[in-house]
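Data block below; observations after.
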Amino acid sequence: MSKIIDQLNRVRDDLNGISPSFCLAKWLQHTLYLQTGMNHSCHHPPVHKIPIHEIEKNPAALHNTQHKKKEMQMMLDGKRPSGCDYCWRVEDMGKEHFSDRVYKSNVSWSKPRTFDVLNAKTNDINPSYLEISFSNVCNLKCAYCSPDLSSKWYDEIKQHGAYPTTTKYNSFEVLEEQGKKIIPNREYNPYVDAFWKWWPDLYPSLHTLRLTGGEPLMSKDCWSVMDKVSENPSEELTLSINSNLSVPDHMIDRLIEFMLKTGPKLKEIQIFTSGESVGKQAEYARYGLEYDRWYRNCQKILDATYGKMPLIFSFMTTVNILSATTYHKFIEDVIALRKKYITNHIEEGNRLPMMTNYLRYPHMLAICNLNKDAKDKVLEHLEDVVTKYALENYHMKDCGFIWDDEIDQIKRLCQFMYKSSVGNVEQNRFDFGKFITEYDKRRNTNFGETFPELVGYYNLCKGTQWPTKSI
């Protein structure tokens with residue numbers, strides 16, 4: 001058993017010793033969408049609305065909502081909050097797989113504060129990991145995204161309306177029913193006001209501050225936060241930035257300048273960029289992306305900054321039907337970067353990590369909906385790439401391999417693909433056919449030419465029947 005797997009087993013045992021549903025991320029990780037007043041702990045559970053009356057009394061209620069405190073108590077009592085089903089699904093697959101409850105409770109922003117959490121119980125606590133979005137401004141329209149997170153999506157839905165699926169995909173009406181009504185930048189935003197009231201107490205407690213969006217490099221508010229960090233840098237702070245790295249060149253240059261100036265004064269700089277497919281398939285799914293340019297920007301930033309500060313350059317993935325057939329090629333592109341920049345993995349560790357996450361929402365894009373022939377082909381590609389790049393096939397100092405925890409995540413992806421479901425498969429396939437047909441019409445794309453391996457599945461979906469009265 002590898003050291004990584006042995007450590008994960010110990011962490012799981014420690015968590016279960018407190019409660020079989022206990023997870024430090026519920027207390028210590030916080031994602032905050034100020035443009036809608038929504039939040040969640042961890043990135044898997046659905047977001048929930050922050051009541052205005054709670055933050056008027058207590059700005060820290062941006063994190064410590066009554067909704068979240070009820071879920072904290074459930075975890076202390078050994079009960080499973082339904083919103084955390086991503087992890088429950090993984091754990092129910094068997095002990096050979098580790099859920100993010102384990103991964104997220106075994107990192108530097110969570111594990112050292114275990115006793116703080118146990119002492120706080122359901123009283124107010126400041127998160128050690130804060131991810132914050134000020135705006136939905138973005139230059140991409142990723143297929144699985146939505147108007148509250150992408151201004152490009154907002155403009156499309158405003159012009160053409162919702163997609164003709166049973167769920168009325170990305171309907172403004174549905175989003176508002178979910179509480180995701182966007183507060184325009186020009187209007188007073190009580191959540192932004194509460195945030196800056198909370199900031200003096202919050203900032204000293206932060207282990208990780210993560211800026212997201214939208215596209216944060218297009219947000220003046222995110223740059224204001226970065227300026228404040230530059231003015232008052234902390235050697236205890238990890239600053240993380242989510243970016244599609246497809247913004248204009250001057251923004252990439254400004255990011256590099258900021259990293260070189262401020263990075264050496266912080267504990268660490270982390271760049272999180274998104275991807276899960278390559279070439280024309282990536283450009284189809286992440287509409288507005290130029291894949292080769294994105295890859296060059298990754299190299300441009302690494303050329304300028306790697307080795308000059310404590311740096312993690314991470315790849316976020318949301319594996320879905322539109323990425324399933326080239327995800328193995330994306331993995332190989334990441335490994336090529338590791339070979340170029342990491343000279344000794346023993347000394348440097350995994351400075352270019354990759355987290356394999358599978359998509360659940362929207363249900364129609366989840367890979368578990370694929371037919372068996374398509375699933376078998378995806379499995380074959382992933383097994384080949386894992387076999388090719390397993391550590392056992394490399395010399396100890398070679399950096400061109402996949403780490404053991406990454407292999408575990410790929411395995412759980414395959415488990416999800418074959419053994420799980422989200423919603424009704426027939427409904428999901430019906431919606432996929434409707435979605436892709438409309439997608440091609442609106443964006444002048446061609447699914448069949450872009451995904452020849454999935455033409456059979458697309459035709460199956462177009463032939464799927466579902467009661468039209470539910471549309």
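The values are calculated or read from the model by the stated rules, or taken from the named source; none is laboratory data. Just so it is clear, the model here is predicted, and its values are computed rather than measured. FYI the Cβ positions are ideal-geometry reconstructions off the backbone, even for glycines, and counts take in every protein chain you see. Accessible surface areas use protein heavy atoms only, side chains included; no ligands, DNA or RNA. Shrake-Rupley method; radii C 1.70, N 1.55, O 1.52, S 1.80 Å.
Give, to the nearest whole percent, the P(r) tail of region 227-357 beyond 24 angstrom, counting all Cα pairs. Walk me through the numbers before you get to the answer.
Details: 2542 of 8515 pairs.
Pairs farther apart than 24 Å: 30 percent.
Which far-off residues, 5 or more places away or on another chain, put their amide H under 5 Å from the one on CYS142, with H placed in the peptide plane?
Placed amide hydrogens put TYR287 under 5 Å from CYS142.
Can you run phi through the Karplus equation (6.51, -1.76, 1.60; θ = phi - 60°) for region 191-203 and list ³J(HN,Hα) in whole Hz, with x for Gly and Pro?
Taking θ as phi minus 60°, the curve returns 6, 5, 4, 5, 4, 6, 6, 7, 3, x, 7, 6, 4 Hz for region 191-203.
To the nearest 0.05, what FRET efficiency results for LYS197 and ASN446 with a Förster distance of 41 Å applied to their C-beta separation? Mind showing how you got there, number by number?
On the way: r = 51 Å, r/R0 = 1.24.
In this case the efficiency is close to 0.20.
Evaluate the relative contact order of the chain (contact order divided by residue number), counting alpha-carbon pairs under 8 angstrom at least 6 apart; express in whole percent. Let's see the in-between values first.
Working: 744 pairs, mean separation 63.0, N = 471.
RCO, the chain: 13 percent.
If you take the beta carbon distance between ASN58 and LYS265 as r and set R0 to 30 Å, what does 1/(1 + (r/R0)^6) give as a FRET efficiency, to the nearest 0.05? Walk me through the numbers before you get to the answer.
Working: r = 32 Å, r/R0 = 1.07.
For R0 = 30 Å, the calculated efficiency reads 0.40.
Keeping every protein chain present and rolling a 1.4 Å probe, give me the accessible area per residue for the chain in Å². Intermediate values should be presented prior to the final figure.
Numbers: 20000 Å² over 471 residues.
Solvent-accessible surface per residue comes out at 42 Å².
By a straight-distance test (C-alpha under 19 Å), which lysines pair with LYS372 as possible cross-link partners, with residues fewer than eight away in the same chain excluded?
Partners within reach: LYS411, LYS419, LYS462.
Under 13 Å from the Cβ of GLN7, count the other residues' Cβ atoms, weight Lys and Arg +1, Asp and Glu -1, and hand me the total. Provide the component values of the computation, followed by the final result.
On the way: positive: LYS3, ARG10, ARG12, LYS111; negative: ASP6, ASP13, ASP14, ASP404, ASP405, ASP408.
Local charge sum for GLN7: -2.
Give the aspartates and glutamates whose C-alpha is closer than 19 Å to that of LYS70, dropping any in the same chain fewer than 8 places away, or say none.
GLU54, ASP85, ASP116, ASP124
Which of LYS49/LYS141; LYS158/LYS180; LYS26/LYS377; LYS181/LYS220 have a Cα-Cα distance over 27 Å? Don't jump to the answer; show the numbers that get you there.
Details: LYS49/LYS141 24 Å; LYS158/LYS180 15 Å; LYS26/LYS377 37 Å; LYS181/LYS220 21 Å.
Pairs exceeding 27 Å: LYS26/LYS377.
Please list HIS43, HIS63 in order of solvent-accessible area, largest first, computed with a 1.4 Å probe with all protein chains present.
Working: HIS43 85, HIS63 0 Å².
Largest accessible area first, the list is HIS43, HIS63.
Based solely on its DSSP helices, what 222 nm [θ] is calculated for the chain when runs of n ≥ 4 H residues each add -39,500 (n - 2.57) and the sum is averaged over all residues, nearest 500 deg cm²/dmol? If you can, show how the numbers build up before the last one.
Values: 21 runs with 216 residues, N = 471.
Using -39500 (n - 2.57) per qualifying helix, the result is -13500 deg cm²/dmol.
Mind listing the long-range amide H neighbours of ILE241? Cut-off is under 5 Å, sequence gap 5 or more, other chains count too, H placed in the peptide plane at 1.01 Å from N.
Under 5 Å from the amide H of ILE241 lie the amide H atoms of LEU211, GLN270, ILE271, PHE272, each far enough along the sequence or on another chain.
List the pair-distance distribution P(r) of region 234-295, using every Cα-Cα distance, as the percent of pairs falling in each 5 Å bin from 0 up to the bin containing the longest distance, rounded to whole percents.
Histogramming region 234-295 at 5 Å steps yields 4, 17, 23, 19, 15, 11, 8, 3, 0 percent.
Provide the FRET efficiency to the nearest 0.05 for the GLN178-GLU383 pair, computing r from the beta carbons and using R0 = 35 Å. Each step should come with its number before you reach the end.
Numbers: r = 38 Å, r/R0 = 1.10.
According to the calculation, E is roughly 0.35.
State the cysteines of the chain left without a partner when partners are defined as other cysteines whose beta carbon lies under 4.7 Å away.
CYS23, CYS42, CYS84, CYS87, CYS138, CYS222, CYS298, CYS368, CYS399, CYS414, CYS461, each lacking another Cys Cβ under 4.7 Å.
Rank by packing, highest mean first: peptides 237-244, 332-339, with packing defined as the count of other Cβ atoms within 10 Å averaged across residues.
Values: 237-244: 21.9, 332-339: 17.2.
For the peptides 237-244, 332-339, the packing ranking is 237-244, 332-339.
Of the accessible area of the chain, with the probe set at 1.4 angstrom, what percent is carbon plus sulfur? Let's see the in-between values first.
Values: 10020 of 20000 Å².
Solvent-exposed carbon and sulfur of the chain make up 50 percent of the total.
What's the ranking of 84-92, 381-389, 28-36, 146-154 by average number of surrounding C-beta atoms within 10 Å, highest first?
Working: 84-92: 18.7, 381-389: 16.2, 28-36: 24.6, 146-154: 22.2.
Going by the mean number of other Cβ atoms within 10 Å, highest first, we get 28-36, 146-154, 84-92, 381-389.
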